[in-house]
Amino acid sequence: MTGLPPAETEFVGCFDQPSPVSAFKRLIGIQAQTLGQRFRPDSPVGCLLAAKSRFIDQLLICCWRHFLGRQAASLALVATGGYGRCELFPHSDIDILILANAGDKELLHEQLSNFSRFLWDIGLKPGQSVRTIDECREEAAEDQTIYTSLLEMRQICGNRSLFSSLETGIAEQALWTSERFFPAKLAEQEQRYCKYHNTAYNLEPNIKEGPGGLRDLQVITWVFRHHYHSSSLRELIKYGFLPRSEYDTLIAARDVLWRLRFALHRLTNRCEDRLLFDYQRELAEQFGYLNEQLQPDVERFMQFYFRTVLDIESLNEMLLQLLSEKLVSHQENLRPVPINANFSSIGGYLEASNQDVFERQPLALLEIFLLVQRLPSIKGIRASTVRLIRKNVHRIDQAFRQNKQANKLFLDILRQPRGITHELKRMNRYGVLAAYLPDFANIVARMQYDLFHIYTVDEHTLFVIRNLRRFSLDKHAAELPFCTRIFLLIARPEVLYIAALFHDIGKGRGGDHSELGESIARKFCIQHDLASHDVRLVAWLVRHHLLMSMTAQRKDISDPAVIHDFAFQVGSIEYLNHLYLLTVADIRATNPSLWNSWKDTLLKELYIATHNALHRGLHNPMARSERLNDNIREARQELSKLGLSAPTIQNSWQHLSNDYFLRYSADEIAWHTIAIAASAEQDMPLVLLRPQTQRASAEIFVYAHNETGIFSICTATIDQLGLTILDARIITTSDQYVLNSFQVLEQNGEAIKDLCQEIHICTALRQNLLGRKPVKPPVNLHKQSRQARHFPIKTRLTFLADPSSRHTVIELITTDRAGLLSIIGRAFTELDIQLHDAKITTIGSRAEDMFYISDRQSRPIEDENKKNRVRDRILELLGEDV
């Protein structure tokens with residue numbers, strides 16, 4: 001076959017076959033195979049989309065005549081949506097409208113049902129509706145999405161007069177005027193953008209629906225076609241909306257997305273529009289993106305994609321603004337209102353006063369963004385001026401960057417009380433930010449290939465600045481009130497914004513991005529004449545922007561020594577305030593699903609403890625004995641208020657060690673003591689659950705005689721119950737009692753709120769502990785998430801020295817998965833290892849856990865053979881090569 005549609009007679013012959021369904025499926029398969037063979041990733045696919053549409057036309061005409069017989073000419077068969085545009089991808093929906101007279105709908109119901117059923121049987125999965133002309137007009141008048149689909153309708157066969165009447169009825173401006181239709185499509189686009197967090201720059205973008213995707217092009221097409229009755233985007237040039245060069249850019253970007261979508265459909269054998277990790281390597285190879293080892297270079301491929309959607313996103317913004325001026329704005333709003341010598345306001349948008357303004361005054365390339373911030377009446381920059389900015393962005397050269405007036409303008413943008421994030425994003429879209437900060441150009445459209453960051457580096461950076469800005473705004477004060485209070489203590493917020501701007505700028509260069517970023521940030525600050533104090537602060541923040549999150553998540557912040565070490569590194573309350581705000585803003589900008597109440601409370605707890613240490617003075621750190629005595633005293637006071645006598649308290653504490661009183665707060669000690677006092681020896685093991693703790697998670701507390709396998713049984717049970725373990729505190733007393741505490745949340749990150757669930761958790765855990773039988777691991781023990789499979793983390797198990805010399809420390813780095821802790825617990829049980837403590841850290845799909853262990857006599861494990869057995873067994877249970 002040549003790829004052209006078979007003659008209609010070839011389809012007719014299918015109905016003479018013993019199995020017409022099989023015959024049609026065979027032809028559909030041959031046609032799909034032929035188009036697939038003609039597809040080339042580096043060649044346009046418009047002809048293939050049209051060929052698929054013509055093929056479906058002939059197929060439908062044949063089926064239409066077969067099932068409708070003599071009545072086929074009384075109804076009209078109409079293609080709508082992408083099929084109406086003749087843009088059928090390999091697995092696109094086949095959207096059709098059957099246009100009928102009122103009496104024919106009921107009369108021909110059986111024939112139409114047979115027609116539809118047959119299309120489903122042969123695998124077309126049509127989107128089909130049967131309407132009269134009046135029904136079409138009524139529904140189109142009420143719903144602009146239906147009206148939009150009818151804008152692109154195309155008759156396939158049937159009653160021409162009926163179709164013409166519908167065309168006339170739909171074309172009437174009264175149905176949807178431009179003044180109504182344009183805002184409706186704009187609102188629809190805004191809702192769609194919100195669904196994708198207003199960014200196209202995430203790890204698995206949707207090439208059709210995401211910002212900058214094919215739907216953005218269709219919005220332009222619909223609005224333009226509606227008003228100008230035009231069938232081609234080329235007429236954007238005719239009506240003065242685009243110069244030829246921008247039209248060529250638009251069509252080239254559309255062709256790239258068409259080729260990608262065609263390849264995706266072929267690769268997945270379904271209507272798939274998401275660039276999932278599962279397909280990125282294969283597509284990178286198909287499109288010729290290979291590294292020096294001839295392996296798929298996914299990063300360069302995705303940069304190619306993101307730069308394509310950036311073109312569409314920018315042109316969509318400009319065209320919709322121009323169309324708004326033509327279709328919605330009143331002419332009196334378009335009179336220029338002078339702002340200064342360089343700019344005027346037209347319809348609420350800044351317009352360059354003349355075509356050579358940026359040539360004469362290159363500094364105006366920064367001034368224009370500052371004006372948008374300073375003038376609340378300004379909504380943005382006019383499309384014609386955006387073109388001028390893009391045309392002149394090359395004027396931001398080394399001399400420009402060293403110009404002190406330019407430096408002042410840039411800092412002024414960061415010092416404004418409004419619009420900082422909006423203008424930085426606008427500067428990024430127009431290429432100004434990368435021109436002014438050449439190091440920033442390296443991170444534009446650069447992916448961060450882990451599941452911790454889901455945005456490109458530049459987009460993540462601007463989200464961090466947005467988050468910092470929100471701390472300063474009253475309307476967002478309820479989100480994180482503690483951050484809002486701390487932000488009031490920041491004397492010069494621009495210092496924070498500069499640190500945020502540079503915190504990840506060293507990524508993608510090899511080496512430690514924090515060190516590289518520190519050097520880049522320092523040079524920027526010196527060039528921009530920041531005070532030496534602020535230069536040091538910005539450089540320190542960039543270098544240490546991960547310090548607080550790593551300390552909170554990987555170390556025991558109940559230990560005074562840990563707090564003192566962290567406070568020593570921070571050095572002052574001023575540095576602490578800046579680091580805390582930057583840390584919160586950074587985590588919240590990586591992935592919306594990663595921030596939760598647990599991280600919020602953990603960081604706040606570290607901040608308060610460090611603030612107290614700094615206030616007390618680093619020369620006078622809190623001793624362990626002081627912390628121990630404070631906790632005991634506060635717990636006694638709280639318990640006395642609740643009516644417990646001194647002998648009862650002392651009796652309840654008879655098995656508790658100093659470690660216990662150091663690692664639990666007075667509030668937690670009081671809760672545990674009440675339960676221990678109310679129980680008897682025969683009630684052991686004691687299992688408690690508190691749904692809301694100071695750390696905003698649920699705490700499961702187990703108090704029992706020390707027996708083999710307790711940790712393994714606990715963690716396996718918690719896994720089976722579908723809970724996520726955030727932290728584990730394991731204490732074994734000298735007289736062989738264990739106190740295990742697990743901070744948990746639901747798998748969706750929510751706290752446990754159901755009383756029946758609380759009872760079920762405690763009952764199940766206690767029964768399993770009493771039964772002393774190994775708990776069956778979850779069925780998906782070794783199963784990783786679909787996304788995690790594409791980010792393999794090499795498992796590393798390292799034995800570390802314990803500063804206290806009391807334990808042996810195991811550091812385990814591996815891919816997080818269901819049942820991970822129960823695997824570790826099982827290995828410890830089998831090898832007769834005693835667990836004294838655990839620190840659980842999960843960063844995206846990466847687990848970084850620390851275990852403090854000893855032998856059964858509470859001695860550190862020093863024998864290398866025993867260490868090797870521990871390592872080998874854990875790796876074996878994890879399914880890793882030993």
Fill in the blank from the handout: Among beta bridges assigned by DSSP with both residues in segment 291-408, the antiparallel ones amount in percent, to the nearest 5, to 75 percent
Fill in the blank from the handout: Zone reached by a paramagnetic label modelled 7 Å from Gln736 Cα along Cα→Cβ, restricted to segment 699-718 with backbone N below 19 Å, covers 703-713
Exercise for the section: Would you mind checking segment 365-398 for residues with the amide N under 19 Å from a putative spin-label position 7 Å along Cα→C-beta of Gln405? Expected result: 365-372, 389, 392-398
Fill in the blank from the handout: Mean shadow area (nm²) of the C-alpha convex hull around segment 89-150 is 4.8 nm²
Exercise for the section: Could you work out the relative contact order of the chain, using alpha carbon pairs under 8 angstrom and six or more residues apart, expressed as a whole percent? Expected result: 6 percent
Exercise for the section: Quick one: P(r) of segment 483-528 from all Cα-Cα pairs, 10 Å bins, percents rounded to integers, in order of increasing distance. Expected result: 26, 43, 25, 6
Practice task
Quick one: angle between helix 298-327 and the longest Cα principal axis of the chain, in degrees between 0 and 90, rounded to 10, please.
Solution key: 60 degrees
Problem - FRET efficiency, 1/(1 + (r/R0)^6) with R0 51 Å, evaluated for Leu375 and Ala102 via beta carbons - result: 0.35
Practice task
Whole number in Å², please: accessible area per residue of segment 98-172, 1.4 Å probe, ligands, DNA and RNA not counted.
Solution key: 48 Å²
Completion exercise
D (µm²/s, integer) via Stokes-Einstein for segment 442-509, Kirkwood Rh across alpha-carbon pairs, 20 °C, 1.002 mPa s: value 163 µm²/s
Completion exercise
Cα-based Rg then Dmax for the chain, in Å, read 33.3, 100
Practice task
Give the Rg (one decimal place) followed by the Dmax (whole number) of segment 539-583, computed from C-alpha coordinates and expressed in Å.
Solution key: 10.0, 29
Practice task
With a point put 7 Å past each Cα toward its Cβ, work out how far Asp855 is from Arg536 in nm, to one decimal.
Solution key: 5.2 nm
Problem - Part-to-part distance (alpha-carbon centres) for segment 247-315 and segment 122-138, which is given in Å - result: 33 Å
Exercise for the section: Please report the base-10 log of the normalised intensity I(q)/I(0) for segment 381-432, using a Debye sum with one equal scatterer per alpha carbon and no solvent, at each q in 0.16, 0.20 (1/Å). Expected result: -0.54, -0.83
Practice task
Distance from a point 7 Å along Cα→Cβ of Leu800 to each backbone N in segment 533-564: keep the residues under 11 Å and list them by number.
Solution key: 551, 554-556
Exercise for the section: Could you work out how far apart the two model spin labels at Ser519 and Gln692 are, taking each label as a point 7 Å from the Cα in the direction of the beta carbon, and quote it in nm? Expected result: 5.1 nm
Fill in the blank from the handout: Arg492 and Ala171 label points (each 7 Å along its Cα→Cβ direction) are spaced in nm at 6.6 nm
Completion exercise
Debye calc, one equal point scatterer per Cα of segment 87-237, no solvent, log10 I(q)/I(0) at q = 0.10, 0.20 1/Å comes to -0.45, -1.35
Practice task
Among DSSP beta bridges whose residues both lie in the chain, state the antiparallel percentage, nearest 5.
Solution key: 90 percent
Exercise for the section: Take every Cα-Cα pair in segment 3-87 and report what % of them are more than 18 Å apart. Expected result: 49 percent
Problem - Beta bridge orientation in segment 41-148: antiparallel %, DSSP, nearest 5 - result: 40 percent
Fill in the blank from the handout: Contour minus Cα-Cα span, Leu642 to Arg154, at 0.36 nm per residue, comes to 167.8 nm
Handout entry: Cα gyration tensor shape of segment 610-654, rounded if a/c is under 1.5, else prolate or oblate by comparing a/b with b/c
Key = prolate
Fill in the blank from the handout: Computed over segment 546-637, the distribution of all Cα-Cα distances in 10 Å bins, rounded to whole %, is 16, 46, 28, 9, 1
Completion exercise
Along principal axes, largest first, the alpha-carbon spread of segment 183-321 in whole Å comes out as 51, 31, 24
Problem - Amide proton proximity set for Gly127, modelled H, under 5 Å, gap of 5+ - result: Ile94, Asp95, Ile96
Completion exercise
Percent relative contact order for segment 240-331, counting Cα pairs under 8 Å at least six residues apart, stands at 29 percent
Problem - Rel. contact order, % - alpha carbon contacts under 8 angstrom, at least six apart, segment 488-562 - result: 30 percent
Problem - segment 477-624 pair-distance distribution - Cα-Cα, 10 Å bins, rounded % - result: 11, 39, 37, 12, 1
Fill in the blank from the handout: Over all viewing directions the Cα convex hull of segment 377-507 casts an average projected area in nm² of 9.6 nm²
Practice task
Over segment 427-578, average the accessible area per residue using a 1.4 Å probe and give it in Å², no decimals.
Solution key: 36 Å²
Handout entry: Part-to-part distance (alpha-carbon centres) for segment 599-647 and segment 658-732, which is given in Å
Key = 20 Å
Handout entry: Residue pairs, from the table Lys507/Lys599; Lys523/Lys794; Lys185/Lys391, whose Cα atoms sit over 32 Å apart
Key = Lys523/Lys794
Problem - Accessible area of segment 6-156 belonging to carbon and sulfur atoms, whole % at 1.4 Å probe - result: 48 percent
Exercise for the section: Could you estimate the translational diffusion coefficient of segment 1-142 from the Stokes-Einstein equation, with Rh from the Kirkwood formula over C-alpha pairs, at 20 °C and 1.002 mPa s, in whole µm²/s? Expected result: 133 µm²/s
Problem - Excluding exposed DSSP-loop trypsin sites (Lys or Arg not before Pro) (at most 14 other C-beta within 10 Å), longest clean stretch of the chain - result: 510-752
Handout entry: Whole-number D in µm²/s for segment 281-404 (Stokes-Einstein; Kirkwood sum over Cα pairs; 10 °C, 1.306 mPa s)
Key = 93 µm²/s
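The values are calculated or read from the model by the stated rules, or taken from the named source; none is laboratory data. Computed from a predicted structure; not experimentally measured. All Cβ positions, glycine included, derive from the backbone under ideal geometry; neighbour counts span all protein chains shown. Protein only, heavy atoms only, side chains kept; ligands, DNA and RNA dropped before computing areas. Shrake-Rupley method; radii C 1.70, N 1.55, O 1.52, S 1.80 Å.
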